[in-house]
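Please treat every number below as a calculation from the coordinates, not as lab data. Being a predicted model, the structure only gives us computed values, none of them experimental. Don't worry about glycine lacking a Cβ; one is built from the backbone with ideal geometry, like all the others, and counts go over all protein chains shown.
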Amino acid sequence: MSSPVRIQPDPSFVRELQAAGGESVKKCYQCATCSVACPLSPSENPYPRKEMVWAQWGLKDKLMNDIDVWLCHNCGTCSDLCPRGARPADTLAAIRNMTYRKLVGPACIGEWMSSSKGLPKLIAIPAVLFAVIWMITQGGFSLPQGDIVFGKLYPGDYTIDPLFMLTFGFMVFSFYKGVMNMWNSFKSLPETFEIGEVREKPTLIQAIVAVVRDEIITHRKFNECGNDNTERFKGHWSLLFAFVALAIVTGVVAVSHWGSKLPGFHWLHVLGSTPMALYSPVKLLAVAGMVLGLYGMTMLTRRRLNLDAQKQGSSYYDWYLLGVIWAVFVTGSGAFVLRLAGVAGLAYPMYYLHLISVFMLFAYLPWSKLGHLVYRTTALVYARMNGRLPISRVEEKVFEI
């Protein structure tokens, strides 16, 4: 006879989950419509039905280590068809939101990210930091004289570049810790659980290639969901390549500036010396990234505003991320236009706000919803390697090469 399993519900976890966006979880009466309707859910132990009952019981450990919450692409089909209005998609999103802030420390950042009460603290850190730098470089809050050059206010060599290098390093280290914690938590899953026809297990590299191609570059899974995800697809795709374009621009400028200091490489400064002429290919790429970003954000914001609140809601995490990315693109484009217009009294303060928003985007990335770029990719790779996701015929051909 098998030994009984002791269930230890956590009522406080249920309340926390409801506050994070899963407020309708108690409406679920386990009809399984959600699991049947989801076009992405595996036929073996499908989601989100089991997650709904775990959430109602407050089974925190099961949910925090559940790989399936990351396989969901939040298309909302399950919520649209739910006869009780339990909104399973929101519950899975809430579980992800809670996981973001618990995967890695410091715990205070995760707590601040969880509600609007922590927003002033998140803003205050970079606001004070960049205000102090302004005061040091200018002897107060005066503006540099002459042509508008943002490097006069925030010199790259000993303010912006070292600061953002440290910020980037902090972000990478935090993601590393979070990914390792997530990967280790998945090891409690069965070693193999084949879905459908048994095929050869892919290697780590093969799984990464498949996930990057299908989930990140092409966003193919968005179009496999039952609902119309046109706006969401366009928004995510545009925003992804906007960030890629801006990352290339930043890389060119950094290599140009720091590489030119090396003996024999003085000529590198020609590649990305700032401020650049409008016809510079690097500047044109930056403008293209700016336009793509604004377009993508328009698509995503419009979609979220048009959601039927009875079927799918928006949490604080959703609006925080949209707000920060809007701030990055609006202040960045605003600083660009005001510099061209020669309005120093507005251009420099706008650049100050831009630095605050960029810092908030990257420094807090491992605890924000945008962290799913890394965490969902990790889960999808693990699922691909262990058979939780079926291998397509296209992938079989890739693996044979």
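Can you tell me how much longer the chain between Ala341 and Ser280 gets when fully stretched, taken as 0.36 nm per residue apart minus their C-alpha distance, in nm with one decimal? Present the calculation step by step, with values, prior to reporting the outcome.
Values: separation 61, 0.36 × 61 = 21.96 nm, distance 1.85 nm.
Length gained, Ala341 through Ser280: 20.1 nm.
With contacts taken as Cα pairs under 8 Å and at least 6 residues apart, the chain reaches a relative contact order of 23 percent.
A full extension of the chain between Val291 and Ser43 corresponds to an added length of 85.1 nm, given 0.36 nm per residue minus the alpha carbon distance.
The order of the peptides 254-264, 355-365, 320-330, 240-250 by mean Cβ neighbours within 10 Å, most packed first, is 355-365, 320-330, 240-250, 254-264. Mean separation of Cα pairs under 8 Å and 6 or more residues apart, divided by the residue count, gives the stretch 12-56 a relative contact order of 43 percent. With neighbours defined as other Cβ atoms within 10 Å of a residue's Cβ, the residues Ile160, Ile205 order from fewest to most as Ile205, Ile160.
For the residues Ser280, Ser79, what sequence is obtained by ranking on other C-beta atoms within 10 Å, fewest first? Could the numbers behind the result be given before it?
Working: Ser280 16, Ser79 27.
Ordered by Cβ neighbours within 10 Å, fewest first: Ser280, Ser79.
Convex hull volume of the Cα atoms of the chain, normalised per residue: 173 Å³.
With a 10 Å Cβ neighbour count serving as the proxy for reagent exposure, in which order, fewest first, do Leu292, Leu285, Leu278 appear? Don't skip to the answer; put the middle values down first.
Details: Leu292 21, Leu285 16, Leu278 9.
Ordered by Cβ neighbours within 10 Å, fewest first: Leu278, Leu285, Leu292.
Between Arg302 and Arg213, the simple label model (points 7 Å from Cα in the Cβ direction) yields a spacing of 3.3 nm.
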